[in-house]
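A.B. asks: Right, I'll just put the structure down here and ask away after.
The values are calculated or read from the model by the stated rules, or taken from the named source; none is laboratory data. Predicted, not measured: the structure shown is a model, and the values here were computed from it. Here the Cβ positions follow ideal geometry from the backbone for every residue, glycine too, while neighbour counts run over all protein chains shown.
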């Protein structure tokens, strides 16, 4: 029975309280802890970094999801099988012999199996490791399978062809039984004969449709003509929809066991079923690898629970490993290296499109990458929580390292764009302005270049025509369009207005700056920059503070029960930027650096001198 704790302990992380599970008493008392305080109520068996065999044992109904009641049941079972429950929190590789409770039938079986494993392995520390218990379970399964195979001599009358024969018999068993029941009814009362055969109306309905051999309407008709005490024909006279399957029965079952018969009586049919019944019974007795063992399976289960249950609880009831950074959480499947950064929050994804639909609510910048390693493939969603997204684009390549240290080729396939940092938000208006100016300049240059090429092409074509054309008489004078003064005056007026407006704006700005004292200039410039960047920074601040891990995991089949926030400092720690090692020697001389023009310094110095003169006056 679970004993409630007098005092629970919690730690604050991710913006909410999480329970501490350091002692055996705390773990075994989880049933008395309000599940509203659990971080998760369910987790998937696949797509997380945890021992698959242990998860399969905890997932009692084998539906692919470990739920809170199943975790509590595993803890309850472990407590009942241990005489020393403190081993659950000692991070042992298995279960020690002295901790196994042996005062009931199940305990005595487990204890005997443990003693045999220790005898077989020759271990002197009385520790039954998970590996040793698993190997013992494997040997037990092999012995059970060998005994099962040996018992098949009398169960397979046709040897290796018995399985195919049983399949052919099973495919028609229900229809053949139906036929012989109809024949017995016809023998009971002759008036039933016509009623038990197909009625003329049934054929009339079929006559108005396009028929195929396997049509449902044909298959529903009796197997053959029903008559009192009639035998089943094995060739002519069989319902066309069943002809192929009756042919398989004839070839695989009737002929090998009874000889080349043309008809099959009900007594012969029952004889065939009895002859193959032993094979059906033998197949049903095939050992279940997860159930056999005579105490060995329970020993393996206990060893795995002792080793893994505390780790599972600390990645289920709380996210201790994730928030304390004491180790990778179960949902962190590796590290992505891309764009000069390493991203530690990477989760496995089965369907990126479906995952992104829910994960977008996390307000985290997610980059989906397709990972390949030889013939192996997988998809991963990586959270970028430091730096910026300027160079993140679909098609870029990186390297993904899984938890086993294997490297995978990683290619970006999808991006959910969200703010990454306040620094990115501060500079984003200026970057957009630079991109806008650059794009407009490129468009203008491209347009002028195309216009120039078009004019040159037209001049070259016209000149070629003049050279090659015959000129028997003096060529006519080329007419020249008159100079349109009004048109060019309008153009110059528009240009003048634009320049005037820009000049007025600059003059107002410079006049306002000249009116300030020298120490007010930095404050004015800083205020101007803050005015431009403040909206983007404020919006990013709200989004960064509301980042939530829950939607990312919920999209993978978890049932997250808390608002698992990722605040700015913690999020920054999940993505590492490239930094030079401490004590590195760095040379600032670049032999291929671009030659800088001195005019920038000259213009800047002139502006400073002008400002100084204006301030002094």
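A.B. asks: If only one of 267, 241 is farther than 30 Å from residue 136 by Cα and over 56 Å from the mean Cα position of the chain (by Cα), which one is it?
C.D. replies: Selected residue: 267, the only one of 267, 241 that is farther than 30 Å from residue 136 by Cα and over 56 Å from the mean Cα position of the chain (by Cα).
A.B. asks: Next question, about the same structure. Collect the residues in segment 389-404 that are in contact (Cβ under 8 Å) with a residue 24 or more places away in the chain, part of a loop (DSSP other than H, G, I, E, B) and either under 18 Å from the mean Cα position of the chain (by Cα) or farther than 19 Å from residue 578 by Cα (or both), keeping them in residue-number order.
C.D. replies: Of everything in segment 389-404, just one residue is in contact (Cβ under 8 Å) with a residue 24 or more places away in the chain, part of a loop (DSSP other than H, G, I, E, B) and either under 18 Å from the mean Cα position of the chain (by Cα) or farther than 19 Å from residue 578 by Cα (or both), namely 403.
A.B. asks: Could I ask something else about it? Residue under question is residue 167, and the condition is that it be in the same structural domain as residue 246 (by TED's automatic domain parsing), closer than 30 Å to residue 248 by Cα and modelled with pLDDT of 90 or more; does it hold? If you could, list the steps in order and put the result at the bottom.
C.D. replies: On the way: in the same structural domain as residue 246 (by TED's automatic domain parsing): yes; closer than 30 Å to residue 248 by Cα: yes; modelled with pLDDT of 90 or more: yes.
Yes: the conditions hold for residue 167.
A.B. asks: I've got another one for you. Out of all the residues in segment 236-253, is one or more modelled with pLDDT of 90 or more, buried (at least 22 other Cβ atoms within 10 Å of the Cβ) and within 30 Å of residue 109 (Cα to Cα)?
C.D. replies: Scanning segment 236-253, I find no residue that is modelled with pLDDT of 90 or more, buried (at least 22 other Cβ atoms within 10 Å of the Cβ) and within 30 Å of residue 109 (Cα to Cα), so the answer is no.
A.B. asks: Take the residues in segment 1-17 that are part of a loop (DSSP other than H, G, I, E, B) and within 26 Å of residue 571 (Cα to Cα); name whichever of them is nearest to the chain's Cα centre (by Cα).
C.D. replies: Going residue by residue through segment 1-17, those that are part of a loop (DSSP other than H, G, I, E, B) are 1-9, 14-15.
Subsequent filtering for residues that are within 26 Å of residue 571 (Cα to Cα) retains 9, 14-15.
On the way: 9: 34, 14: 23, 15: 26 Å.
Step by step, filter segment 1-17, then rank; the result is 14.
A.B. asks: Identify the single condition in (1) assigned by TED's automatic domain parsing to the domain that holds residue 354; (2) at pLDDT 80 or above that residue 542 does not satisfy, given that it satisfies every other one.
C.D. replies: (2)
A.B. asks: Now a separate question. May I ask you to list the residues in segment 19-40 that are in contact with a helix residue (DSSP H, G or I) (Cβ under 7 Å, 6 or more places away or on another chain) and crowded, with 18+ Cβ neighbours inside 10 Å?
C.D. replies: Within segment 19-40, 19, 21, 24, 27, 28, 30, 38 qualify.
A.B. asks: Going through 379, 359 one at a time, which residue ends up being buried (at least 16 other Cβ atoms within 10 Å of the Cβ), in a helix (DSSP H, G or I) and in contact with a helix residue (DSSP H, G or I) (Cβ under 6 Å, 6 or more places away or on another chain)? Spell out how you get there, then give the answer.
C.D. replies: Working: 379 fails: in a helix (DSSP H, G or I).
Among 379, 359, only 359 is buried (at least 16 other Cβ atoms within 10 Å of the Cβ), in a helix (DSSP H, G or I) and in contact with a helix residue (DSSP H, G or I) (Cβ under 6 Å, 6 or more places away or on another chain).
A.B. asks: Next question. Which strands (runs of 3 or more DSSP E) does segment 254-354 wholly contain that include 1 or more residues that are on the phi > 0 side of the Ramachandran plot?
C.D. replies: Values: elements: 334-338, 341-343, 346-349.
Answer list for segment 254-354: 334-338.
A.B. asks: Can I ask one more? Does segment 355-366 include one or more residues that are within 24 Å of the chain's Cα centre (by Cα), at positive phi and in the same structural domain as residue 557 (by TED's automatic domain parsing)?
C.D. replies: yes
A.B. asks: Moving on to the next point. All but one of (1) in contact (Cβ under 8 Å) with a residue 12 or more places away in the chain; (2) out of contact with any helix residue (DSSP H, G or I) (no Cβ under 7 Å at 6 or more places or on another chain); (3) loosely packed, with under 13 Cβ neighbours inside 10 Å hold for residue 200; state the number of the condition that does not hold.
C.D. replies: The failed condition is (1).
A.B. asks: Given the conditions (1) within 20 Å of residue 305 (Cα to Cα); (2) modelled with pLDDT under 85; (3) surrounded by fewer than 14 Cβ atoms within 10 Å (Cβ to Cβ), and given that residue 83 satisfies all but one, which numbered condition is not satisfied?
C.D. replies: Unmet condition: (2).
A.B. asks: Next up: So, residue 386, is that one buried (at least 16 other Cβ atoms within 10 Å of the Cβ) and more than 19 Å from the chain's Cα centre (by Cα) or not?
C.D. replies: Numbers: buried (at least 16 other Cβ atoms within 10 Å of the Cβ): yes; more than 19 Å from the chain's Cα centre (by Cα): yes.
Yes, satisfied.
Residue by residue, here is whether (1) in contact (Cβ under 8 Å) with a residue 12 or more places away in the chain; (2) assigned by TED's automatic domain parsing to the domain that holds residue 398 holds:
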{"position": "270", "(1), (2)": "no, no"}
{"position": "302", "(1), (2)": "yes, no"}
{"position": "312", "(1), (2)": "yes, no"}
{"position": "339", "(1), (2)": "yes, yes"}
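A.B. asks: How many of the residues making up segment 89-110 are free of Cβ contacts under 8 Å to residues at least 60 places away in the same chain and surrounded by 15 or more Cβ atoms within 10 Å (Cβ to Cβ)?
C.D. replies: 5
A.B. asks: Do we have any residue at all in segment 301-308 that's surrounded by fewer than 23 Cβ atoms within 10 Å (Cβ to Cβ) and under 17 Å from residue 66 (Cβ atoms)? Talk me through it step by step, then tell me what you get.
C.D. replies: So the first thing to find is which residues in segment 301-308 are surrounded by fewer than 23 Cβ atoms within 10 Å (Cβ to Cβ), and the list is 307-308.
With the extra rule that they be under 17 Å from residue 66 (Cβ atoms), the set shrinks to 307-308.
Within segment 301-308, one or more residues are surrounded by fewer than 23 Cβ atoms within 10 Å (Cβ to Cβ) and under 17 Å from residue 66 (Cβ atoms).
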